[in-house]
Structure formats: structure tokens, C-alpha cells
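Worksheet: one structure, shown below.
The values are calculated or read from the model by the stated rules, or taken from the named source; none is laboratory data. As the structure is a prediction and not an experimental result, all values here were calculated from the model. Cβ atoms come from the backbone with ideal geometry, glycine included; neighbour counts cover every protein chain shown. For accessibility, only protein heavy atoms count, side chains too; no ligands or nucleic acids. Shrake-Rupley method; radii C 1.70, N 1.55, O 1.52, S 1.80 Å.
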Amino acid sequence: MADDLTRDAVRDSPDPSVAEHVRRYLATDGASGYLEGGSPNLILTHRGRSTGRLHRTGLFFGEDNDRYILVASGSAITHTHPQWYLNLIAQPLVEVQILAERFTAVARTAEGTERQRLWDLMTEMAPVYHTYAARSRRTIPVVVLERVRAAQLARDNRRLDREPPMSSVIPPRLQDRERSKGTAHR
């Protein structure tokens with residue numbers, strides 16, 4: 001996937017401070033920027049739902065077993081979901097960088113008791129999310145990133161610029177859940 005990303009122009013966040021954070025993080029493999037704002041940060045590269053262009057942003061994250069957890073709060077208290085989150089709904093295959101490590105992941109929105117448990121995990125790490133939730137009219141999504149095994153990508157020759165068949169990248173236990181919601185990828 002990294003080769004695919006180098007062929008495409010990647011657009012950093014339109015927020016100048018976030019774009020500067022991303023550039024600094026990438027230039028130093030996270031030595032500068034990993035603990036931005038007192039919390040661990042990753043770099044998320046995702047495909048735009050309308051333009052098809054690659055976008056990159058820096059986000060706080062938490063860990064839950066072998067999964068990475070994001071909170072789609074936006075950079076300020078907003079009543080709309082951040083663009084990166086809307087893009088993940090449309091195209092859940094993403095690239096993640098944590099420090100110097102880069103890998104492909106599939107994103108999904110946590111729901112029900114899982115969302116509450118992960119929300120509690122993230123608000124313990126960053127209590128400011130409570131303030132965001134209290135001031136927003138929306139329920140702030142919690143996103144789960146699960147690694148995609150390199151062998152799966154190589155076998156199926158998948159790239160970030162193509163929508164993967166659900167069976168090739170989404171773990172089997174999640175496929176039934178996606179089908180039951182009517183959001184399975186074709």
C-alpha cells in the first residue's frame with residue numbers, strides 16, 4: 001500500500017496546526033508529535049468519499065487489545081462529524097502510522113456496549129471528550145481500527161484506491177454484523 005500512496009498526492013489536514021503536526025510526525029517517525037497534546041497520536045491516511053483523493057490527519061488514539069481506538073470529536077466542539085470520519089464510513093480501508101510503524105487497517109464504528117466501554121477508555125485518557133459530548137448535539141462516534149494482515153492484501157492485490165470486497169479485509173466476525181446492518185461492501 002505504501003507504494004500506492006507515493007503515487008498519489010496526499011493532502012494534509014486543512015487546519016494549519018494539524019498539517020504542521022503531521023509533517024513533523026512523518027519527518028521524525030513520531031519522535032516529534034507522537035505525544036502531542038499529552039496523548040499518543042497516530043497518522044491516519046484515508047480516501048476521500050467524494051474526490052477519491054488521499055487525506056492525512058493526526059489523531060489521538062487509545063489501544064484495546066490489538067486494536068486502535070479513535071474518537072471522532074473533531075478538532076473543536078462541532079455539531080457535525082469530522083470529514084475523516086465520514087470518509088471512513090465510505091471507505092474503511094486506511095493506512096496508519098504509529099511512530100515509525102506503518103500498516104493497513106480497516107475501520108468501523110463501535111456500537112452499543114462496545115462503544116460505551118471504549119468511550120470510557122478514551123475519556124479516562126482524555127477527559128476533554130466529556131466536555132465535547134456535553135456541548136454537542138450529536139453522539140460522538142468511537143472508531144475501531146483493526147490491522148489487515150499483509151498476506152490478505154498481497155493475496156487479494158488490494159490497494160487503498162479500490163474498494164475491497166468485504167470478505168478480503170473485514171474480519172469474519174464483523175462480516176455478519178455489517179450484513180445485518182445492510183452496509184456490506186459490494
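So the values come out like this:
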item	result
Derived scalar couplings ³J(HN,Hα) [segment 30-38; Karplus, 6.51 cos²θ - 1.76 cosθ + 1.60; whole Hz; x for Gly, Pro]	x, 4, 10, x, 4, 9, 4, x, x
Segment 66-123 - percent of accessible surface contributed by carbon and sulfur, probe 1.4 Å	54 percent
5 angstrom amide H check on Leu99, placed H, neighbours 5+ away	none
Estimated FRET transfer efficiency (Thr139, Ala19; beta-carbon r; R0 22 Å; 0.05)	0.20
Contour minus Cα-Cα distance for Gln116 and Arg149 (0.36 nm per residue)	9.1 nm
Surface accessible to a 1.4 Å probe, per residue, for the residues of segment 11-151, Å²	47 Å²
Electrostatic dipole magnitude of segment 11-151 [Cβ: Lys, Arg +1; Asp, Glu -1; Cα centre; debye, to 20]	560 debye
When segment 11-50 is reduced to its Cα atoms, the Kirkwood hydrodynamic radius in Å	10.7 Å
